[in-house]
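Q: Here it is, the structure, as structure tokens.
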């Protein structure tokens with residue numbers, strides 16, 4: 001089934017619209033009497049207790065999250081953590097038990113039927129894990145679907161659709177049917193359909209999870225390349241930490257419906273909030289994630305034999321140090337101004353996997 005969460009095509013870039021998202025005090029309890037148990041949940045009733053004793057399921061608990069317009073916000077967690085429930089509150093495919101979801105200053109939870117329908121059509125688009133293509137329609141007829149719903153002239157529908165079909169690398173496949181395409185190609189159709197609608201807010205629910213690893217990385221690259229130009233507000237759901245770190249400007253990690261940690265990939269890798277987060281990031285290649293600016297020491301180093309940029313990864317810094325046989329490298333900002341330095345010991349120590357043991361009495365590190 002294809003959602004009607006589509007948008008009109010505008011002459012101006014979608015990113016100019018205010019598509020920031022503010023989620024405040026959001027709770028979702030599934031069951032016949034959800035509000036009856038709100039007080040108990042706020043007082044500390046656990047998800048397990050709520051389900052075992054009262055037959056209700058705690059989907060989300062006190063979610064507070066700010067998503068900046070024009071950025072990629074990743075929401076990740078294990079199965080059942082609440083991440084898909086959360087994204088479906090943004091376009092109100094699910095109604096909250098309590099809380100606010102403000103998009104561009106409008107509380108989606110308070111919208112009437114017409115306002116909500118217009119919001120879904122004009123300001124949001126959604127890309128699904130299972131592609132959600134109409135099997136009886138060709139590629140181009142799938143891509144024009146949202147514009148068709150809005151009643152745009154057919155020539156306008158097709159010109160927009162062909163432009164985005166080409167941009168996602170499917171030119172020449174306009175007349176093929178979904179069953180004639182690979183999984184990666186089908187997902188490109190889904191992405192083209194969402195982009196054709198020119199919505200400022202793009203919701204992607206496990207969009208690449210069904211793809212093979214190499215195709216998945218290719219789709220990630222497509223998305224990042226498009227985002228450099230379009231600057232949409234993207235909410236991306238995943239259970240894969242490498243995907244989260246590659247795509248996310250910020251990452252929120254959920255467990256049992258609660259946000260356990262939220263921040264940049266650097267924050268999460270360098271300072272995991274607890275053992276649950278630590279387990280997510282323990283196998284991450286830190287050298288490919290951590291940036292020079294995250295661990296650099298202030299000021300220039302007199303013995304520096306080379307220079308790197310603040311946004312260079314530590315893997316590249318270590319290679320530079322080795323190639324230059326230098327004590328240290330200076331770190332410069334985008335304007336070429338030296339703002340710090342890194343030595344080999346500091347760089348290697350940050351790259352080496354560190355396991356942080358959280359206990360009630362102390363914190364231990366092993367390398």
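Just so you know, all these numbers are worked out from the coordinates, no wet-lab data involved. Worth saying up front: this structure is predicted, and the values here are computed from it rather than measured. Here Cβ is always computed from backbone atoms with ideal geometry, including for glycine, and neighbour counts include all displayed protein chains.
Q: Could you tell me which of rounded, prolate or oblate describes the chain, using a ≥ b ≥ c as the square roots of the eigenvalues of the alpha-carbon gyration tensor, with rounded for a/c under 1.5 and, failing that, prolate when a/b is larger than b/c and oblate otherwise? Show your work: numbers first, answer last.
A: Details: a/c = 2.10, a/b = 1.27, b/c = 1.66.
Since a/c reaches 1.5 but b/c is at least a/b, the shape of the chain is classed as oblate.
Q: For the chain, what is the mean residue ellipticity at 222 nm derived from helices alone (per DSSP H run of n ≥ 4: -39500 (n - 2.57); sum divided by total residues; nearest 500 deg cm²/dmol)?
A: -10000 deg cm²/dmol
Q: For the range 154-208, what is Rg from Cα atoms divided by 2.2 N^0.38 Å, rounded to two decimals?
A: Values: Rg = 11.3 Å, N = 55, 2.2 N^0.38 = 10.1 Å.
Computed over Cα atoms of the range 154-208, the ratio equals 1.12.
Q: Okay, which of the range 142-157 sit inside 15 Å, backbone N to the point 7 Å along the Cα-Cβ direction of residue 174?
A: Answer for this model: 142-145, 154-157.
Q: What distance in nm lies between label points placed 7 Å from Cα along the C-beta direction at residue 149 and residue 136?
A: 1.8 nm
Q: In degrees from 0 to 90, rounded to the nearest 10, what is the angle of the helix 183-196 Cα long axis to the longest principal axis of the chain?
A: For helix 183-196, the angle is close to 70 degrees.
Q: To test your reading of the geometry: what angle, between 0 and 90 degrees and rounded to tens, separates the Cα axis of helix 154-167 from the longest principal axis of the chain?
A: 20 degrees
Q: Assuming 0.36 nm per residue, please report the length gained on full extension of the stretch residue 309 to residue 346 beyond their Cα-Cα distance. Don't jump to the answer; show the numbers that get you there.
A: Values: separation 37, 0.36 × 37 = 13.32 nm, distance 1.63 nm.
So the chain would gain 11.7 nm between residue 309 and residue 346.
Q: Find, to one decimal place in angstroms, the Kirkwood hydrodynamic radius of the range 85-175, where the mean of 1/r is taken over every pair of different Cα atoms and then inverted.
A: 15.1 Å
Q: Once you place label points 7 Å from the Cα toward the Cβ at residue 102 and residue 258, how far apart are they in nm?
A: 2.5 nm
Q: Binning at 5 Å from 0, report for the range 266-351 what percent of all alpha-carbon pair distances ends up in each bin.
A: 3, 16, 26, 22, 14, 9, 6, 3, 0
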